[in-house]
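Encoded as structure tokens, the structure appears first; notes follow it.
Every number here is computed from the coordinates shown, using simple stated rules; none is lab data. This one's a predicted model, so the numbers in the text were calculated from it and none came from an experiment.
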Amino acid sequence: MDIYRTFLAIIISFLILIGYQYFFVGFGPAEAPIEEISAQEQTVTPATTETDQSQIAAAPVASAPGTAVQSAAEGVMERPARDARNLLVDTDFYTATFSEEGGAVTSFVLKDYKEANTDDSPGMQMVKVDGKQGYPLEFSWGSVAPTATFYAADSDSVSFSENKAKLVMKGRGNGLELERIYSFSKDSYLMNLDIRVKNASAAVLQGAAALHQTGTHFREAAATSRYLFNGPAYCSAETLTEVKAKELEKGVQTVTGQMDWAAYEGTYFMNAVLPPADSQQTLTMQNVGENNVKLTVTGSLDTLQPGEEKVYSYQLYFGPKKLDILESVGSNLEKAINFGWFDIIAQPTLSLLNFFQVKTILHQKSLENIRRRITALGRLVTADTEKQARIPENSTAIFNSEGTAPGFIIRENGKSLIVLPGVPHECKKMFEES
């Protein structure tokens, strides 16, 4: 009898959540509008002392940096006499394309998520913009290095070694040498981006590092999603702020201070930039073109002496808003999932759903594929081995007519499969022990 009451309680909780989502989301207490302080600037840092406030007020405005102290000639960034190449990065979770034109990402397709709920639907495309207003991850350094800088890649392709890969792209001109280093992991949505800026001129140069994101709706807006948020958001002092469309219609929105991340997000996906920890940043958000929003994360004003260089480090997350994945990234990225007023009910319910979704059925063909991998190395797969039934926590069990066959985990086409125990040492690099 208790089990029926439990399921009844779960069903009622779902009805409450669905009813709230449909009738009340968007009708709660209105968010305080972003305060207009010189170009609508708002401080988002935690409470500070009067001394701290005076220091912040006295700091130079990062979003309007000077050019060169001893000005270098502008508009002379070097570019080779060839077309820009596109570099493909293929991981277990996504396939991304980076262009030498601006060093930006022009395509980012998720493998485990589809554009539509149909068998023939392509993977979820995270870069929906056409480039007219810019692509995500463009970089500028004051007015000395514009976003249109050409970054020549050091190779024609990106290869993984021991689950890791790097893409190095270099640009120069206007007295600067720039180097972008993307770092990828085969089994993670998280990427690292280090940008080295060196003053190669005889003049003293000033500029502020700015990383640009341009985004739009990940999916066509439907009538049922009219109350769900799509747009720019950021997290500061462990507090999520979602900037509504009506605020952007008023003009450029600007916030300054320390922030954990800034992103363009939809209901289920997000493209996020995680700036260096404990650094002062200026985030500007504005409408550009048709249905596009541009976010710019700008650091403080830097001065480079001749021969001096500085490295700006960012983390990037392009992927699903899935709680366990976001929590593993850190930097309060899980705050992107806004449970609203029913947080106390929604989080346990989500955990319960994830628990029931742990096990998935794998058909016999996949089991045969695993058997071929083992036997190709001269190892015997016995019937007794296939019948072993230990199921590791947070793993995907293989169900077949013989029983279950857990033991080790292998990623195949972006999915986690459990293979037979006793994996030969030749295959150890392919597997992760459960």
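Exceedance of the 28 Å cut-off in Cα-Cα distance is limited, within the set Lys128/Lys321; Lys114/Lys170; Lys246/Lys321, to Lys114/Lys170. Put simply, the amide H of Val288, placed in the peptide plane, has neighbours under 5 Å in Val293, Lys294, leaving out anything fewer than 5 places away on its chain. Using the Karplus relation 6.51 cos²θ - 1.76 cosθ + 1.60 with θ = phi - 60°, the per-residue 3J(HN,Hα) values for region 236-249 come to 9, 6, 6, 10, 7, 10, 9, 8, 6, 4, 5, 6, 5, 5 Hz, with x marking Gly and Pro.
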